[in-house]
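Structure first, then comments.
Readers should treat all values here as calculations from the given coordinates under stated rules, not as data from a laboratory. Predicted model, so just to flag it, every value in this text is computed and none were measured. Every residue, glycine among them, receives a Cβ derived from its backbone with ideal geometry; neighbour counts consider all protein chains shown.
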Amino acid sequence: MSHNTTKSGYQTFVERLNKFPQGVVESETLYRILQTLVTEKEAHMLSLLPIKPFNAEKAAQVWKCQVSEARSILNDFCDKTMLVDIETTGEPQYVLPPPMAGFIEFSLMRLGNDRNQKRLAELYYQYMNVEEDFIKKLCTVGDTKLGRAFVNEQVIAGDDTLQVLDYERASEVINSAEHMAISTCYCRHKMMHAAKACDAPLDICMTFNTSAYSLVRHGSARAVDKSEMFSLLEKAYEYNLVQFGENQQNRVNFICNCCGCCCEAMQAQKRFACLNSISTTNYIPMVVEEKCTGCGKCVEVCPVESLSLVSAGDPVNKKKKKAKLIERHCLGCGICVRSCSREALKLVERKVKVITPVDSVHKAVMMAIERGTLQHLIFDNQAMWNHRALAAIFGAILNLPPVKRILASEQVKSRYMAALLTRLNL
């Protein structure tokens, strides 16, 4: 292939993608995916775009074309789900989304004829489920994860012992969203083409705010109202699906309703035995041993295999079993509690509070610090003089030895980081 001998448009696009904190892993399959999504010329054009939101004038500048031509090209990229457009002040702003959660999912979130979706699904299956490097990198590197689990609200309803914050509830995301839409579940759509999909609902992928606005506008999602969205959330509960959403407190853009058999992140937790490929909730189930009969229902429904049956140690009934939790694997979603008819499981608060980034900027910076790529966020920014102090501080963090860098990242995991970045317009 050309990328092996010369620097093709696809290779420059891969280099651009690796400026994101999560990035990609280069492989022949990845190049086949990109060739299915865009032409080589389009890949090169995308590689020139900045990380921060930009307008048509900026695109025209980097592409060296007229603004009207840039607008037309940008709109075509949005139709192809390679860009997301945002309208805040009347003039559209554009963002190149990362691979995940981003254009990889968007390309299979509608059942259309504009692309060979069966071919794409097969390539994604090869890249995500057969080749392990990309998913392993995405899910196991760094403490700040791409997504987080939401607690099952049917379990916590009426429980006055749990102090559940608004951002920990999927219902609050729905209530606070400016736009909301439903698309085809990327994971199950992909697994459907591989003849491995489960019977969970397909049209149940929830998008919100700017992502919902753009996907609806360009035909990749269907706008819904709150009533329908809440009905779909109830349906997700009925199928014991985990609400897996964007790992930030404010303006969440997606909530997937995931199963352990199709979701790559949940599969990663089982395949790689990593502690948490998904950021957990602040809760964890506790087994009430005197009530547990060892029926195994909780074991069956756990999406990440964090429950098992062990001997109950009963001297009279030596075959008696009881549920045992592997805490380090548990998402804290509460599905197991919902499935237990004996009230032998209950949610309790974790001893150590889980830190959720305030917004997308906070999350991106924390991921970049942990992955050693913060310089891409800073210096892609056309930084002015008031960014220099911040750049110097981050540069010092990046030059620390690995252990000290981890300690430094722990120290800046707070809302003060987000407030500082907001003040400096980063």
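Would you kindly state how much longer the chain becomes between residue 228 and residue 327 on full extension, computed as 0.36 nm times their sequence separation minus their alpha carbon distance, in nm to one decimal? Before the final figure, lay out each step's value.
On the way: separation 99, 0.36 × 99 = 35.64 nm, distance 3.49 nm.
That works out to 32.2 nm of additional length.
Taking a ≥ b ≥ c as the square roots of the Cα gyration tensor eigenvalues, with a/c under 1.5 meaning rounded and otherwise prolate when a/b beats b/c, else oblate, which class fits the stretch 2-134?
Because a/c hits 1.5 or more and a/b exceeds b/c, the stretch 2-134 counts as prolate.
Note down the nm distance, to one decimal, between modelled labels 7 Å out along Cα→Cβ at residue 15 and at residue 352.
3.9
Tell me, what is a quarter of the convex hull surface for the C-alpha atoms of the stretch 269-346, in nm² with one decimal?
5.1
Calculate the FRET efficiency for residue 87 and residue 342 from the Cβ-Cβ distance with a Förster distance of 41 Å, rounded to the nearest 0.05.
Given R0 = 41 Å and the Cβ-Cβ separation, E is 0.20.
How much length, in nm to one decimal, is gained on full extension between residue 67 and residue 35, taken as 0.36 nm per residue of separation minus their Cα-Cα distance?
Using 0.36 nm per residue and subtracting the Cα-Cα distance, I get 8.8 nm.
For the pair residue 118 and residue 131, how long in nm is the line joining their label points, each one 7 Å along Cα→Cβ?
2.3
For a footprinting-style exposure proxy, rank 311, 277 by other Cβ within 10 Å, fewest first.
311, 277
Please compute the modelled spin-label separation between residue 194 and residue 235, points set 7 Å along Cα→Cβ, answer in nm with one decimal.
Label-label distance for residue 235 and residue 194, simple model: 2.4 nm.
Calculated FRET efficiency, residue 143 and residue 319, Cβ-Cβ r, R0 41 Å, to nearest 0.05?
So, using R0 = 41 Å, E works out to roughly 0.45.
Loop only per DSSP, at most 15 neighbouring Cβ atoms within 10 Å: give me the GluC sites (Glu not before Pro) in the stretch 276-315, ordered by residue number.
Of the GluC sites (Glu not before Pro), the ones in loops of the stretch 276-315 whose Cβ has at most 15 other Cβ atoms within 10 Å are 289, 290, 305.
If you average 1/r across every pair of different Cα atoms in the stretch 74-217 and take the reciprocal, what Kirkwood value do you get, in Å? Before the final figure, lay out the partial values.
Numbers: mean 1/r = 0.0577 Å⁻¹.
Mean inverse Cα-Cα distance, inverted, gives 17.3 Å.
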